[in-house]
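The next block holds one structure in the form of structure tokens; read it before the comments.
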């Protein structure tokens with residue numbers, strides 16, 4: 001699905017091109033400079049600045065919510081469901097940690 005503002009954005013870019021706003025920019029026609037970033041430092045900083053976290057961190061937060069819910073509920077059947085979900089979540093966290101190390 002396209003973003004709702006995509007048509008507006010494309011129209012403004014086309015208008016700017018028609019008006020020559022992109023003509024004679026510094027570096028026009030030249031290749032982009034290579035970034036020496038073998039470990040993806042810039043990419044990871046951008047993700048962090050955008051609020052992104054590794055999968056295992058997000059899963060650990062979900063596990064913390066499940067633990068809180070377990071403490072607050074008195075329903076035995078719901079407690080069993082939560083315990084099962086917590087067990088599966090712990091496995092998913094470990095798998096995500098292993099994947100993240102690679």
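The values are calculated or read from the model by the stated rules, or taken from the named source; none is laboratory data. Not measured: the values here are computed from a predicted model. Cβ sites come from the backbone with ideal geometry, for glycine too, and all protein chains shown count toward neighbours.
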## Note on the structure
Filtering segment 41-60 down to residues that are surrounded by 11 or more Cβ atoms within 10 Å (Cβ to Cβ) and closer than 28 Å to residue 85 by Cβ yields 47, 52, 53, 54, 55, 56, 57, 58, 59, 60
### Task
Working only within segment 23-40, note down all residues that are exposed (fewer than 11 other Cβ atoms within 10 Å of the Cβ) and in contact with a helix residue (DSSP H, G or I) (Cβ under 8 Å, 6 or more places away or on another chain).
35
#### Entry: Answer from 40, 51, 20, 74 - the residue that is at positive phi and modelled with pLDDT of 90 or more
20
### Task
Could you please give the count of residues in segment 25-62 that are within 19 Å of residue 101 (Cβ to Cβ) and assigned to a helix (DSSP H, G or I)?
11
## Note on the structure
Over segment 84-99, the set of residues more than 15 Å from residue 61 (Cα to Cα), free of Cβ contacts under 8 Å to residues at least 24 places away in the same chain and surrounded by fewer than 12 Cβ atoms within 10 Å (Cβ to Cβ) is 84, 98
### Task
Can you give me the number of residues within segment 68-82 that are part of a helix (DSSP H, G or I) and surrounded by fewer than 12 Cβ atoms within 10 Å (Cβ to Cβ)?
6
